[in-house]
Amino acid sequence: MRKMKSINAKTLAKAMRVAGRIISIPIAVFFLILGLGYFIDTLTTQGWQSAISSVIGNIYDVLGVVATVITLVGIIISWWWLLPSGALLIFAYLLSATSSGLGAVYHVGYFHWSQFRDFWSIPNILFLVAGVLFIISWRLSRKEVD
């Protein structure tokens, strides 16, 4: 019988880093393009004042923009520092969930779980998963050194 080769911590850490990047980069780029497209569309059809007020018009839009920027920064620094990157992605997830909750309260007028569906939406939860993968990868890399 053939022996199965065991996976060491270094290989597993590398696989988790790659998986975290594969999960987070396409979604972050999508949100960036979506936000820029919305901003440019508002700018060309309604002018500067409407475009700026659409970005910073209310608190849940501001939180959404901040969460997208934090996510992009977290992904960029994941090539050098995994722990801060993972923490930033988890923080961006929490901001995004808060933004969704505030948006639901603003549009509906009261808080109801059915309106808070973005809390567990796939893009948001994947940022959480990628952040956790980065932190576990960092821990496994440290374990290999110790």
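The values are calculated or read from the model by the stated rules, or taken from the named source; none is laboratory data. On a predicted model such as this, the values are computed, not experimentally measured, just so you know. Each accessible area value is taken on the protein alone, full model and side chains, heavy atoms only, with ligands, DNA and RNA left out. Shrake-Rupley method; radii C 1.70, N 1.55, O 1.52, S 1.80 Å.
Some values worked out for this structure:
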| read-out | value |
| --- | --- |
| Positions within the stretch 51-87 being open to solvent by 40 Å² or more (accessible area, probe 1.4 Å), of a type in the set (Gly, Ala, Ser) and modelled with pLDDT under 80, in sequence order | SER53, GLY57 |
| Counted residues, the stretch 76-85 - those being under 15 Å from the mean Cα position of the chain (by Cα) and more than 13 Å from VAL132 (Cα to Cα) | 2 |
